[in-house]
1. Can you list the residues, at least 5 places off or on another chain, whose amide H is less than 5 Å from the amide H of residue 65, using H built in the peptide plane?
2. From the alpha carbon gyration tensor of the stretch 60-132, can you work out the equivalent ellipsoid semi-axes (sqrt of 5 times each eigenvalue) and give them in Å, largest to smallest?
3. Which entries in 76/153; 119/153; 76/139 show an alpha-carbon gap greater than 23 Å?
4. Can you list residues from other chains, or at least 5 along the same chain, whose modelled amide H is less than 5 Å from the amide H of residue 195?
5. Want the number for residue 90 to residue 141: 0.36 nm per residue separation, take away the alpha-carbon distance, what's left?
6. Starting from a Cα-only point model with no solvent, please compute log10 I(q)/I(0) by Debye for the stretch 117-177 at q = 0.15, 0.23 1/Å.
7. Which far-off residues, 5 or more places away or on another chain, put their amide H under 5 Å from the one on residue 106, with H placed in the peptide plane?
8. Post the alpha-carbon centroid distance, the stretch 120-158 to the stretch 77-116, in whole angstrom.
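Computed from the coordinates by the stated procedures, all read-outs in this text should not be read as laboratory data. Every value quoted in this text rests on a predicted model; they were computed, and no experiment measured them.
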Amino acid sequence: MMAKHLRSDSVVRQLAHLVPRLYNKLLPVPCFLCGVETADGPLCPDCMADLPEISHQCPLCAIPMQSDTICGDCLKNPPPQQKSISLFTYQEPVDRCISAFKYHRHLGFASLFADLLAKKVQHDYPLATLVPVPLHPIKIRLRGFNQSQEIAKRLSHHLSLPLNPHCLVRSRNTPAQSQLTAKRADKISEMHSAATVRRQTA
């Protein structure tokens with residue numbers, strides 16, 4: 001019975017991954033940034049090529065660097081995580097893409113970000129399971145979805161990894177990162193203890 005349930009769940013995940021791609025192939029949509037018709041996601045190849053990709057970054061906090069070495073801040077105050085990954089620097093037009101995804105339900109960006117993350121992690125980062133960062137219930141009601149979980153679902157399919165969306169619980173509501181100051185320390189401080197491990201119940 002359990003094996004049948006697991007197979008059924010796997011089929012559902014595969015369909016959820018393939019249906020949007022088939023839809024885009026049959027009905028091309030305009031690129032979110034320039035308006036040119038594209039059949040491969042929310043951005044056309046030219047706009048994808050223009051995104052400010054991070055070539056080198058600190059392996060602990062993912063801040064852009066000249067080489068893949070640990071930054072001075074992480075050397076002085078090592079963070080709790082062992083690895084961090086960033087795809088792009090947070091600037092135009094990446095900020096517009098993220099805003100469209102989070103606040104205007106452009107869910108095609110979930111697939112795009114998952115595709116790009118999968119290419120980065122599949123060889124270099126051994127992973128056991130994926131745990132999306134939870135949203136506070138107030139934000140879930142406002143947005144209707146958790147953007148982190150949407151990416152994690154697609155990444156789970158790419159990497160054939162289990163997804164555990166119930167491991168963490170949001171313990172307090174925090175301001176949107178875009179509303180905070182540009183100081184990295186302020187953003188880290190605001191997120192401190194914002195999520196906790198869910199207690200196991202008998």
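1. Answer set, sorted by chain and number: 56, 57, 58.
2. Result for the stretch 60-132: semi-axes of 25, 17, 12 Å.
3. Violating the 23 Å Cα-Cα cut-off are 76/153; 76/139.
4. The answer is 171.
5. Extending this stretch completely gives an extra 15.8 nm.
6. Once normalised to I(0) and log-transformed, intensities are -0.51, -0.94.
7. Hits under the 5 Å cutoff: 101.
8. Cα centroid to Cα centroid, the span is 11 Å.
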